[in-house]
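Structure, as structure tokens:
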Amino acid sequence: MRREFEMSMMGELTFFLGLQIKQSKEGIFISQSKYTRELLKRFGLDNAKPRRTPISPSVNLVKDENGKDVDNKLYRVDRKSTSGTCQFLGDALVSWHSKKQTSVALSIAEAEYVAAGSCCAQVLWMRQTLRDFGVSIDHTLSTLLSSK
């Protein structure tokens, strides 16, 4: 790297990109305690009393055997879920879309909520557009969800 860049040794690394770094014989330890203290101060919690977590650290968590696994092959590409929605007016399909979500969901349930929100936004837009054209929809709009 020295052939390409001018470099100099400035001592032991202690702070880098907002991370505090402590090097010892036991290993290298990275923390953000300075950043955490700044956040607590910014939100007026710098004098707050610390609390323990509500579960003992020695408790082993169990796997949710009923939960659905993600498709690891597709998930590894960019970690984003794909949503598909269809909107019907009566029995007629009037709108649909299928696209990758813009955010990375932390669970299948969260990805489904994002998809439902996108679908509802489209339905509300369609309802308002119909109202603008003088077509009134008096009945309740239904949203049906499926994760399959």
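Counting other beta carbons within 10 Å of each Cβ, put Asp91, Asp78 in order, fewest first.
Values: Asp91 5, Asp78 9.
Going from sparsest to densest Cβ surroundings: Asp91, Asp78.
Could you put Glu12, Glu38 in order, starting from the residue whose Cβ has the fewest other Cβ atoms within 10 Å? All intermediate terms of the calculation are to be shown ahead of the outcome.
On the way: Glu12 8, Glu38 13.
With the sparsest Cβ surroundings first, the list reads Glu12, Glu38.
Between the range 15-38 and the range 89-148, what's the alpha-carbon centroid distance in Å?
For the range 15-38 versus the range 89-148, the Cα centre distance is 45 Å.
I'm spelling it out carefully: the read-out is semi-axes √(5λ) of the Cα gyration tensor in Å, the candidates are (1) 53, 15, 11; (2) 48, 23, 21; (3) 52, 18, 17, and one was derived from this structure. Which label?
Computed from the coordinates, semi-axes √(5λ) of the Cα gyration tensor in Å corresponds to (2).
Looking at the calculated P(r) for the range 72-132, what percent of the C-alpha pair distances fall above 19 Å?
Details: 703 of 1830 pairs.
Tail of P(r) above 19 Å: 38 percent of Cα pairs.
Values quoted throughout were computed directly from the atomic coordinates according to the rules given, and no laboratory measurement underlies them. Because the structure is predicted, anything quoted here is derived from the model rather than measured. No Cβ is skipped: glycine too gets one built from the backbone with ideal geometry, and neighbour counts run over all protein chains shown.
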